[in-house]
Each structure stands twice: as structure tokens, then as C-alpha cells.
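Have a look at the structure below, then the notes.
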Amino acid sequence: MTILVGAAPTASLDVHVIGLRAASGMIRICLTANPKAFPDCDGDPAARHKSVAAAQAGDVRFDDLAPGDYAVSLFHDQNGNGRLDKMLIVPTEGIGFSNNPRLRFGPPSFAQARIAVTGHVEATVALRYFL
């Protein structure tokens, strides 16, 4: 076994997506370690984004992560237009967050969705549909 001196340890995260209402469209996922960029990952150049076909969205892996605290947000882009559709302020497509926090008026805080990623971690995110 070769050990690289000074090599930073890496971690990985498997996101298990459950509660999909339909197999059409895409699942859009963002992963951030920046509390100010959560939940949409805007303004975080280090955020990771993945889009996967809803029909294949059971498990999504993020590799080569620096160990630390992260939060995941995702939505079911059922019509494939690349954005979360809303009626007034209520999402018309499914949404989900790491730790599956209780949703009140708006998205959860980073602290509510925070998961510690050290080594290999698995997280289950349940999609919720309001309309």
C-alpha cells in the first residue's frame, strides 16, 4: 500500500432518494458545506450539483469530498424545465432535504439539514409533495 504524504483524506456521501411520485423528469440535487448558500447552493462555487433521471434516482453518490458538515437539498423537476415550479410560494414539485426535517413556512436551516460526512456516509432523503 502506498501512502501519499500530505494527501488530504476524502469522504463520500450516498444519497438515497425515496418517495418519488412519478418516474418522469429529473431529480436535481445540490450539496453544500456553506450555510449561507443553503438550500439552493447559490453563491457557493464549491457546491456540488447532480441531475439524474427520476427513473434512476434511487441512489446518487458524491465522491472526493473533504470531511466536514454538509447539507443536501433536492427537488423533483417533473416537467424537466430546470427549476422548482411553485404556485404562489408553494412548490408544485417534490422537494427534499438531508435529515428530512419538518417543513413549516419555507426551507429548513442548514443546521436542521446538516450531516457530518467523514469516511463513507449514507443519507436517505424523502421527497415531499404539497400539491
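Can you tell me how much longer the chain between Thr92 and Asp14 gets when fully stretched, taken as 0.36 nm per residue apart minus their C-alpha distance, in nm with one decimal?
Details: separation 78, 0.36 × 78 = 28.08 nm, distance 2.61 nm.
Between Thr92 and Asp14, full extension yields an extra 25.5 nm.
If you average 1/r over all unlike Cα pairs in segment 89-131 and invert the result, what Kirkwood radius do you get in angstrom?
Details: mean 1/r = 0.0863 Å⁻¹.
Over segment 89-131, the inverse of the mean reciprocal pair distance is 11.6 Å.
Run the simple label-point estimate for Asn34 and Asp64 please: 7 Å along Cα→C-beta, distance reported in nm.
Label-label distance for Asn34 and Asp64, simple model: 1.9 nm.
Find out how many positive minus negative residues lie around Gly80, taking Lys and Arg as positive, Asp and Glu as negative, among other residues whose Cβ is under 13 Å from that of Gly80. Please list the in-between numbers first.
Working: positive: Arg28, Arg83; negative: Asp77, Asp85, Glu93.
Local net charge: -1.
First select every other residue whose beta carbon is under 14 angstrom from the beta carbon of Ser12; then total the charges, Lys and Arg +1, Asp and Glu -1.
Details: positive: Arg48, Lys50, Arg61; negative: Asp14, Asp59, Asp63, Asp64, Glu122.
Every neighbour counted, the sum reads -2.
With Cβ to Cβ distances under 9 Å as the rule, what net charge do the other residues near Leu31 carry (K, R +1; D, E -1)?
Working: positive: Arg48, Lys50; negative: none.
Residues near Leu31 contribute +2 overall.
In nanometres, what is the gap between the two model label sites at Ala46 and Tyr129, each 7 Å from Cα along Cα-to-Cβ?
Each label point is offset 7 Å from its Cα along the Cβ direction, giving 3.7 nm.
Length gain on complete extension for the stretch His120 to Arg104, per 0.36 nm per residue less the alpha carbon to alpha carbon distance?
Values: separation 16, 0.36 × 16 = 5.76 nm, distance 3.07 nm.
Difference between extended and current length: 2.7 nm.
From the C-alpha coordinates alone, can you work out the Kirkwood hydrodynamic radius of segment 11-126, in Å? Walk me through the numbers on the way to the answer.
Values: mean 1/r = 0.0704 Å⁻¹.
14.2 Å is the Kirkwood radius here.
Coordinate-derived values only; no laboratory data. Model, not experiment: these values are computed from the prediction. Heads up, the Cβs are rebuilt from the backbone with ideal geometry, glycines too, and the neighbour counts pull from every protein chain shown.
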